[in-house]
1. Using a simple spin-label model with points 7 Å from Cα along the Cα→Cβ vector, what separation in nm is obtained for Thr109 and Tyr315?
2. Using only Cα atoms, find the angle between the long axis of helix 65-74 and the longest principal axis of the chain, and express it within 0 to 90 degrees, rounded to the nearest 10.
3. Quick check: at a probe of 1.4 Å, how many percent of the accessible area of the range 115-200 sits on carbon and sulfur atoms?
4. Using a 1.4 Å probe and ignoring any ligands, DNA or RNA, find the accessible area of Thr395 and quote it in Å² to the nearest 10.
5. Given only helices, namely DSSP H runs of n ≥ 4 each adding -39500 (n - 2.57), what is the per-residue ellipticity at 222 nm of the chain, to the nearest 500 deg cm²/dmol?
6. What is the angle, in °, between the Cα long axis of helix 213-226 and the longest principal axis of the Cα atoms in the chain? Nearest 10 is fine, range 0 to 90.
7. Highest mean first, how do 88-95, 122-129 rank when packing is the count of other Cβ atoms within 10 Å averaged over residues?
8. So I have (i) 0.99; (ii) 0.95; (iii) 1.30, and one of them is Rg/Rh (Cα atoms, Kirkwood Rh) calculated from this model. Which one is it?
Amino acid sequence: MKKNDPYAALRYKEFNIFLIVRFALVFAWSMQFVVIEWEVYSITKDPLSLGIIGLMEVIPAVSLALFAGHIVDQKEKRNLLIKCIAGFSVISFGLFLLTWPKIVGAWSTNVVLYSIYFLVFLGGIVRSFLGPTIFSLFSLIVPKKIYPNAATWSSSVWQMGAVLGPALAGFSINWIGVHWSMCLIFGFSLIAFINLLQIPVKPILNPKIGENVFKSLREGVKFVFNTKIILGAITLDMIAVLFGGAVALLPVFAQDILHVGSQGFGILRAAPAVGALITMFTSAYFPLNKSAGMKLLGAIFGFGICIIVFGLSKYFWLSVLALFFSGMFDGISMIIRQTILQLRTPDEMRGRVASVNSMFVGSSNELGAFESGLTAKLMGTVTAVVFGGTMTLITVVTTGIISPAFRKLDLRKDIEAHEENS
């Protein structure tokens, strides 16, 4: 491998297949969430209903997260991911049927709405296993010495799916309607399933197969809470996502504040992911490992500023720019956090650590959606977004003051140690 080779991870065939699978999954999942947001708000015209979508997914995701991590560490990762994708495909097909006028024409609005919530709830169950499984499979596909480069490309592909999924959702709602948009989502889940079959079964690296589930869970949680850098990184990101969840209210901004319709909604939804994607590709050439702690704090502070600007904006172009730059800052945060997790997590604990991470960070997206919906109901939409951005700034400043070790975090020594052991 060349020194500082930006394409090091892409020279492994299985990793390229893994990227296709991850892109198809993220594309389908993010597009589905946007389409359902639009459909539910169109039915209810109540911002709290958008928060309920997030709550329906986060309840099972958090409740089952630790148990899912234990299962992931005990089972073979590739076949477990196949089962997760199959579950997502069934849910997508169910939503396809729920948006078909011929089927639901005789149903009441509440029955349709509650059925959608139920399928979103099932999606939360699938997601509790999906994140830890992908995180664990990643480490079995590429050598440890190129984890940082692979993490950058993996995050880039995640963001690419997050760009195209919401953008196409906005346009496809306008062009072919909600029902056929769901059909397209189902098709991408099948693409992920077919490509994953090309990756062979992987070994199970956990030496404690059959370990008592409660002992296993205690070990995973104890490791995260004893590893202060991991705990600090995921906690900081959790707070930012929790209070900076403005994207959950984008249907309200698109329909009632900026008046830009479904196409404008697609642009707003994709703007932060476009910014993050640019950051991802740039970081492949200019790594973020030096002074990683300060860069992470600065990125989340910038994210909070962008959320406040977006909340106060009355102009579509300014709103798009604010979301775009929020995505750039969020991309920096994601790369640094993923690199910390990959470098400092033992192979036999990847499922459990990823589950704790999903409880902190992944599920905070849905909790953030609920928080945004609830505060929008109580305070008004604009005030809720500005409040969230302000809380993010306060959190960053507080963390920077009370944690000098985090400010001094530098990942170059971790990378050098992995290269020596490879």
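The values are calculated or read from the model by the stated rules, or taken from the named source; none is laboratory data. Just so it is clear, the structure is predicted and the values come from calculations on it, not from any experiment. Please note: Cβ atoms are built from the backbone with ideal geometry, for glycine as well, and neighbour counts cover all protein chains shown. SASA here: full protein model, heavy atoms, side chains in, ligands and nucleic acids out. Shrake-Rupley method; radii C 1.70, N 1.55, O 1.52, S 1.80 Å.
1. Between Thr109 and Tyr315, the simple spin-label model gives 3.7 nm.
2. With both axes taken from Cα atoms, the answer is about 40 degrees.
3. On the way: 2210 of 2820 Å².
Accessible surface attributable to carbon and sulfur in the range 115-200 totals 78 percent.
4. 30
5. On the way: 18 runs with 331 residues, N = 422.
Computed mean residue ellipticity for the chain: -26500 deg cm²/dmol.
6. 80
7. On the way: 88-95: 20.5, 122-129: 23.2.
So the order, starting with the most tightly packed, is 122-129, 88-95.
8. Computed from these coordinates, Rg/Rh (Cα atoms, Kirkwood Rh) corresponds to label (ii).
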